[in-house]
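A short write-up of the structure that comes next.
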Amino acid sequence: MNMQLPNTFTERMQRLLAQDYRAFEEALAQPAPVSIRINRAKVPGLSVNLPLVPWTTSGFYLPERPLFTLDPLIHAGAYYVQEASSMFLEQAFKQTCDLSQPLQVLDLCGAPGGKSTHIASLLSAGSLLVSNEVIRSRANILAENITKWGSGNVLVTSNDPRDFGKLPSFFDVMVIDAPCSGEGMFRKDPQAIEEWSEENVNLCALRQQRILMDVWDALKPGGMLVYSTCTWNEQENEENMAWLAAQEQIESVQLELQPEWGIVPAQLNGITGYRFYPHKVNGEGFFMAVMRKAGGTESSPKSSRKKKYKLTTAGKKERELVQNWFQKPEEYEWLQYGEILSAIPANLFEAADEVYQKLYVIYAGTEIAEVKGKKLKPLHPLALSQHLNKKAFAVVDLDMEQALRYLRKEDINLGSSGNEWLLLQYQNIPLGWAKQVGNRINNYFPKEWRIRMDLPQELPQGVIA
C-alpha cells in the first residue's frame, strides 16, 4: 500500500523514532492485524487455537479478516472485534486495582464498546461500570454492544463530560480514551490521513484538556485515571498528562512490561507513557498513561438524610413472575418502568440510583420482560444475559443457516408445534426469542439489529467454532 504521509507528521516521527523510522514507515504499508476478544462468561471452556494477544488472557489474532456479520456468535456476544493494542487496558487494571473488590468505574468515551465490554469482563460482580458516550447515535450502538456482552452491571449514559461534576468523588477508576487526531489509525483508515493537520492536533489537545478538567472532580482521592489515545504526538499524550499534573495533585504510575511485548515506555517531565508502534507490536498505534489522584481512598461520606429514590422497584407479583428467569435472583433488585421489568445487582442499587439522579441514563442492568396484563413477553437483553436461567425456558438449537435466517428476522421452520416462548441458541449460546403459535414461529429478534446483507450460497465457517 502506497501511503502519502503529511510532511510535518513525517518530520516529527523521524525525530521521535530516529533510526527506527524506516521500519515504522514500512509497517504502515502492511495490512492491519485483526484481533478479537472472547467473552469468557459465555464460552468459559472454549479452547481457542489462535495466537494470543500477549498482554491479555482473552484476546486473539485472526489470520485474516472474516465476514463477521455472518457469524451468529458475534450477534450472541460470544466475542468482540477489538484492536489488539487497546487491550493493554487489561494490564492497567490488573496492575493498579484490586479487582476482587467492588469498584465504581467510568468509561467516559465508551462507544462503540470495546473498552467497556473489556472492563466489564475484568471487574468483580459487585462492581458498577458507567459507560458514557456524548453523541446519542453512538450511545445507542454502545448500549447494543453492552447488551450483547450481557454482564448486567453496566449503566449506559449519554452526557457531556462536564455533567460528571455532579458526582464528586464517585469513581474509583476513570478511563478516558480521548477523541484524538487518529495518527495510529493511518493504515486502517486512509481518511484519517486526509483529515490530519497540525491545527487539528492542537484542537484535539485543547479538547482533551477540557475533558480532563471537566471530569476530574468525579474521581475519588487515591483513584486511578487511565488515559489513552490512538495517536503518537507528545502534545496529545505525555504533554497533556504533564499539563494535568501542573493543575492537580497526581502521580504517574508505572506498569511492568515484558520485553517481548514490544511496547515502548516514554518519559516526559516525570510522566511515564506507553507507546505502541506498528513495527514493534502486532497492533495499531496507541498511547496509554496511568495516573493516581493524590489523597486517600476513603469513600465519600454518606448522607444521613432519608433518601428519595428515583429508581422504582417492581411489585411482589411482578417479581415473582420473572425471578426464576435469572440465576441467583435473590442477588438482584427488580425495577419497573411502565410495562418494562429490569434487573440490577442489589448491592449496586444506591450507586445506580445516584447516577440516575444526576445523569441521563439510556440503558441499565438487564431488561427482562414486558408486562401486558397477566402475560409476559421476555425481552432480547434477557436472552443475551450472562445470568439467564436457561432451565426456565424451552430451548431450541439452531444450525448455521437457521441461525442466520433468524438473525435476518426471516420466518424459520422448526418442525414443531405448540404455544410457548422458545429460547433459540446456536452452539449452546442464546441468540434470542421466538414464539411458537401452533405450527408457526414468530421471530422476535430486534428489527433494528437484524442482518441486512443477503446470505451467500456457501455459508462461512464460524470465527471461533
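The values are calculated or read from the model by the stated rules, or taken from the named source; none is laboratory data. Note that the structure is predicted; figures quoted are calculated from it, not measured. Counting neighbours? That spans all protein chains shown, and the Cβs are built from the backbone with ideal geometry, glycine included. Ligands, DNA and RNA are excluded from the accessible area calculation, which covers all protein heavy atoms including side chains. Shrake-Rupley method; radii C 1.70, N 1.55, O 1.52, S 1.80 Å.
For the range 86-293, what number results from the quotient of the Cα radius of gyration and 2.2 N^0.38 Å? Can you show the working numbers first?
Values: Rg = 16.1 Å, N = 208, 2.2 N^0.38 = 16.7 Å.
Taking the Cα Rg and dividing by 2.2 N^0.38 Å, one obtains 0.97.
Please give every one of the aspartates and glutamates within straight-line cross-link reach of K375, meaning a C-alpha to C-alpha distance under 12 Å, and leave out same-chain neighbours fewer than 8 residues apart.
List returned: E318, E339, E420.
Give me the tail of P(r) for the chain as a percent: Cα-Cα pairs with distance above 40 Å. Show your work: numbers first, answer last.
Values: 25467 of 107880 pairs.
Of the Cα pairs, 24 percent sit more than 40 Å apart.
What order do you get for 128-138, 309-319 when each peptide is scored by the mean count of other beta carbon atoms within 10 Å, highest first? Mind dumping the intermediate values first?
On the way: 128-138: 20.3, 309-319: 14.5.
Descending mean neighbour count gives 128-138, 309-319.
Working out 0.36 nm times the residue gap between Y61 and Q461, then minus their Cα-Cα distance, what length gain in nm do you get to one decimal?
My answer for the length gained is 142.4 nm.
Run the dipole for the range 308-392 about the Cα centre, Lys and Arg Cβ at +1, Asp and Glu Cβ at -1, nothing else charged, and hand back the magnitude in debye, nearest 20.
With Lys and Arg at +1 and Asp and Glu at -1, about 380 debye.
Starting at the first residue of the range 76-82, write each ³J(HN,Hα) from the Karplus equation 6.51 cos²θ - 1.76 cosθ + 1.60 with θ = phi - 60°, in whole Hz, x for Gly and Pro.
8, x, 6, 7, 10, 7, 9
Accessible area per residue for the range 50-207 in Å², computed with a 1.4 Å probe and the full protein assembly in place, what is it?
Ligands and nucleic acids excluded, the figure is 34 Å² per residue.
Would you grab the residues whose amide H sits under 5 Å from the one on L335? Only those 5+ places off in sequence or on another chain, please, with H modelled 1.01 Å from N.
A314, S342, A343, I344
Going from most exposed to least, what order do L212, L459 have by accessible area with a 1.4 Å probe?
Numbers: L212 0, L459 50 Å².
Largest accessible area first, the list is L459, L212.
Given the rule -39500 (n - 2.57) for each run of at least 4 DSSP H residues, summed and divided by the residues of the chain, what is its mean residue ellipticity at 222 nm, to the nearest 500 deg cm²/dmol?
On the way: 13 runs with 118 residues, N = 465.
Estimated from H runs of four or more residues: -7000 deg cm²/dmol.
Could you tally the net charge around Q19, taking each other residue with its Cβ under 15 Å from the Cβ of Q19, Lys/Arg +1 and Asp/Glu -1? The partial results should precede the final answer.
Working: positive: R15, R22, K280; negative: D20, E25, E26.
Result for the local shell: 0.
Round to the nearest 0.05 the FRET efficiency obtained for Q95 and E198 when R0 = 30 Å and r is the Cβ-Cβ distance.
Values: r = 35 Å, r/R0 = 1.16.
So, using R0 = 30 Å, E works out to roughly 0.30.
Sorted by accessible area (1.4 Å probe), largest first, how do H279, H75 line up? The partial results should precede the final answer.
Working: H279 45, H75 20 Å².
Highest to lowest solvent-accessible surface, that is H279, H75.
Take the solvent-accessible surface of the protein heavy atoms, probe 1.4 Å, and return the percent of it on the range 323-418 that carbon and sulfur atoms account for.
Numbers: 2010 of 4490 Å².
The value for the range 323-418 is 45 percent carbon and sulfur by accessible area.
Per-residue HN-Hα couplings for the range 208-217, Karplus 6.51 cos²θ - 1.76 cosθ + 1.60 at θ = phi - 60°, whole Hz, x for Gly and Pro?
Once θ is set to phi - 60°, the couplings for the range 208-217 become 4, 5, 4, 4, 4, 6, 5, 9, 4, 5 Hz.
Among the listed pairs K42/K447; K328/K435; K293/K358; K148/K435; K310/K409; K310/K377, which have their C-alpha atoms separated by more than 29 angstrom in this model? Before the final figure, lay out each step's value.
Numbers: K42/K447 24 Å; K328/K435 26 Å; K293/K358 23 Å; K148/K435 21 Å; K310/K409 36 Å; K310/K377 25 Å.
With Cα atoms farther than 29 Å apart: K310/K409.
Can you list the residues, at least 5 places off or on another chain, whose amide H is less than 5 Å from the amide H of Q82, using H built in the peptide plane?
Residues meeting the criterion, in which the H sits 1.01 Å from N, are S35, I36, R37.
Over the range 308-392, what is the relative contact order in whole percent, taking alpha-carbon pairs under 8 Å and six or more residues apart?
On the way: 107 pairs, mean separation 24.5, N = 85.
In percent, rounded to a whole number, it is 29.
Using a 7 Å offset from the Cα along the Cα-to-Cβ direction at both L50 and A246, what is the distance between the two label points in nm, to one decimal?
For L50 paired with A246, the spin-label model returns 4.4 nm.
Taking 1 over the mean of 1/r across every pair of different Cα atoms in the range 308-392, what Kirkwood radius in Å do you get?
Taking the inverse mean of 1/r over all distinct Cα pairs, the range 308-392 comes out at 13.1 Å.
Compute for the range 144-233: radius of gyration divided by Kirkwood radius, i.e. Rg/Rh, restricted to C-alpha atoms, rounded to two decimals.
Numbers: Rg = 15.6 Å, Rh = 15.1 Å.
Rg/Rh: 1.04.
Roughly how many Å² is the accessible area per residue of the range 308-392, as a whole number, for a 1.4 Å probe? Could the numbers behind the result be given before it?
Working: 4300 Å² over 85 residues.
Value returned for the range 308-392: 51 Å² of accessible area per residue.
Given the chain, what percent of its DSSP beta bridges are antiparallel, to the nearest 5?
70 percent
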